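Below is one structure, written out as structure tokens, with a few remarks after it.
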Amino acid sequence: MKFHKLKKFLRAFAAMPYWVAFSLYRRRIAQKGRPPLYLFGFAKWKTWIEDWFPEYDIIFVPSKIWNIEFQLEWRWKLLSDPRTKVLSWQYKTIDILMPFCKYHGIEFHLVEDGFIRSISLGARRVPPISLTFDKDAMYFNSRQPSELENILRRYDFRCDPDLLIRSRHVIDRLLSSRLSKYNSSLAVDVEAIYGPKTHKRILVIGQVERDASIKYGCDAPITNNDLVWLASRENPDSQIIYKPHPEVLQGTAGTSSDPNLVREVALVLDSDISLADSFETIDQVYTITSLAGFEALMRGIPVTTVGCPFYSGWGLTDDRQANPRRDRRLSLEELFAAAYILYPKYIDPNSRRRIEVEEAIDLLSRMKTQNSTAPV
């Protein structure tokens, strides 16, 4: 009798349109276990993502898959449970993933480190204290609007004065703590490195030249050395100081331009000094797309951007790459509120509890103090 009923059910199931049958299957699956969270483009060592989503079943998709693999295997896995959620680390996966998820109503976000990250470098596999989750585009992609850019374009800051007061307080707190995105450098006597100040002083911020923020944030190719030469040409009577990226100085990232080739026009910093120290006595900063440019703005230092980082185009920077979408003038407090308070998420890696930016600053301050006093 039971077998007869099973045959009858299978015959009816087979006669259904495939989308009806598949929908019934998805509802059945949704009643079992935790919802799946698929990670595309995530390195396998980023297991700390489980702390951010303890309620999900985390599934790492192989870092390099072909479109045909996705169509034959992964698309069906994504569709098998209506609770499915998908995260992609930056754009490090197949191009069809984002439109596929949007078409099928699957929750999808691009992920990247936040602007206050950790004590050590991400390249050293240290978990981040903040992340950004964006359903539209990466914040460094100047070709299309991200959720951060849309906040900056549309948020009515005038109706939220408490947010701007909070923003000012957090800026002051961040500056007094001397924290940055990365905080592995020890404090130095920068005057001993820079020498006596006799001219206008320009700081050129180097980046990892293969970085996605340059690829997606620049209309034309440019190297760190190009940036140094530009600063030198535009400021012939100034002292040019070139700060290579910490990952380059620490050997965790390569560079396509040799710093030795600009030593004739710039003082090249060969040790990784903190951004807070490097900004001392600086009159102007040149950058391609580095977050360091925004950190200079916090200190009241004029900034020239050659690419189009998220903080350019709002009336606060000397922009060499136009962005017609950004047709609004913002204050420093408004820009900071969007980028550091409204947009990213923060977590305490010890308690695995979601926190606010103020708590993140306090936590990193304690971690930095412990790091600097730890025995070598």
Can you give the calculated 222 nm mean residue ellipticity of the chain, where each DSSP H run of n ≥ 4 adds -39,500 (n - 2.57) and the sum is split over every residue, rounded to the nearest 500 deg cm²/dmol? -9500 deg cm²/dmol
To the nearest 0.05, what FRET efficiency results for LEU230 and LYS200 with a Förster distance of 22 Å applied to their C-beta separation? 0.90
List, in the order given, every pair from LYS44/LYS368; LYS200/LYS345; LYS32/LYS215; LYS102/LYS243; LYS46/LYS102 whose Cα-Cα distance in the structure shown is over 32 Å. LYS200/LYS345; LYS32/LYS215; LYS102/LYS243
Would you mind telling me the antiparallel percentage of the DSSP bridges in the chain, rounded to 5? 25 percent
Rank PHE279, VAL126, VAL204 by how far each Cα sits towards the positive end of the charge dipole of the chain (+1 on Lys, Arg Cβ; -1 on Asp, Glu Cβ) and give me just the farthest. VAL126
Among (i) 51, 47, 45; (ii) 97, 46, 44; (iii) 62, 47, 38, which one is Cα extents along the principal axes in Å computed from these coordinates? (ii)
For the chain, the accessible surface attributable to carbon and sulfur atoms (probe 1.4 angstrom, ligands and nucleic acids excluded) amounts in percent to 54 percent
Of the DSSP beta bridges with both residues in the stretch 232-376, give the percent that are antiparallel, rounding to the nearest 5. 30 percent
Estimated vicinal HN-Hα couplings, Hz - the stretch 344-358 in sequence order (Karplus 6.51, -1.76, 1.60; Gly, Pro = x): x, 10, 10, 9, 8, x, 7, 8, 6, 9, 5, 10, 9, 4, 4
Counting Lys and Arg as +1 and Asp and Glu as -1, each charge on the Cβ, what is the dipole of the chain about the Cα centre in debye, to the nearest 20? 2660 debye
Expected field for PHE310, accessible surface area in Å² at 1.4 Å probe radius, rounded to 10, holds 10 Å²
For the stretch 177-228, list log₁₀ I(q)/I(0) at each q in 0.22, 0.24 Å⁻¹, using the Debye formula over Cα point scatterers of equal strength and ignoring solvent, two decimals each. -1.02, -1.05
Which distance in nm do the two modelled labels at PHE60 and TYR103 give, with both placed 7 Å along the Cα-to-Cβ direction? 2.9 nm
Could you give me the percent of Cα pairs per 5 Å distance bin for the stretch 84-173, shortest bin first, beginning at zero and ending with the bin that holds the maximum distance? 3, 12, 15, 19, 18, 16, 10, 6, 1
Non-local amide H neighbours of VAL204 (under 5 Å, H modeled in plane, Pro and chain starts lacking H): which ones? ILE241, TYR242, LYS243, TYR286
Read phi for every residue in the stretch 293-306 and hand back ³J(HN,Hα) as whole Hz from Karplus 6.51 cos²θ - 1.76 cosθ + 1.60, θ = phi - 60°, with x for Gly and Pro. x, 5, 5, 5, 4, 4, 9, x, 8, x, 10, 9, 10, 8
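The values are calculated or read from the model by the stated rules, or taken from the named source; none is laboratory data. Keep in mind that this is a model prediction, so the values were computed, not measured. Note: ideal-geometry Cβ built from the backbone for every residue, glycine included; neighbour counts use all protein chains shown. Just the protein is used for accessible areas: all its heavy atoms, side chains included, with ligands, DNA and RNA removed. Shrake-Rupley method; radii C 1.70, N 1.55, O 1.52, S 1.80 Å.
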